[in-house]
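Remarks on the structure that follows.
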């Protein structure tokens, strides 16, 4: 499931140093349950800041947590995703609550309940994930997403002692419930 929120200064402040100065046009939050990956099945919660360079949109994953150590290592190493470990409770489903809690400090909790509002529609999307690597370089990776989604209203809860709820905002959001999808993220280009 995915939801969109407004951008703004707090979202721009979540960007890494090499992308500072970029405007934050929107945010995207989501929960994903991967069933078939090279590191096995795992759950993920994420928060992304959307921006653009000229007319080309891009997104920076500023928050991501998983329940798989192998996914954590692979995501950090291959794509500079800021993965941490979390515990997940609940199910992804219409009217069902799913919650993620940090496994380490700083503590945070993200929860979401989707309310599906329409029929499934096919969606083919491509986007650019722009991430800062440890050496300061910025890599752009092509994200491909063919699948079927259903429009939804998503009730989101976010709590943390840190800045997470200032940009991945709690409340009612427009979103989508992903019925099925194949998600690929290409090798970064520098």
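Worth a mention:
- Binned Cα-Cα distance frequencies in the chain - 5 Å width, integer %: 1, 8, 16, 21, 23, 19, 9, 2, 0, 0
- Note on 115, 76: ascending count of other Cβ atoms within 10 Å places them as 115, 76, the fewest first.
- Among 126, 117, sorting on how many other beta-carbon atoms sit within 10 Å of each Cβ, with the fewest leading, yields 126, 117.
- Inter-site label distance for residue 181 and residue 33 at 7 Å from Cα along Cβ, in nm: 1.5 nm
- Note on 58, 167: ascending count of other Cβ atoms within 10 Å places them as 58, 167, the fewest first.
- Tensor-based shape of region 67-165 (alpha-carbon gyration tensor, a/c under 1.5 rounded, otherwise prolate or oblate): oblate
- Between region 61-90 and region 120-190, the Cα center-to-center distance that results, in Å: 13 Å
- Region 2-185: relative contact order in percent, alpha carbon pairs under 8 Å with at least 6 residues between: 19 percent
We did not get these values from a lab; they are worked out from the coordinates using the rules stated. In this text the structure is predicted, and so the values were computed from the model without any measurement. Note: ideal-geometry Cβ built from the backbone for every residue, glycine included; neighbour counts use all protein chains shown.
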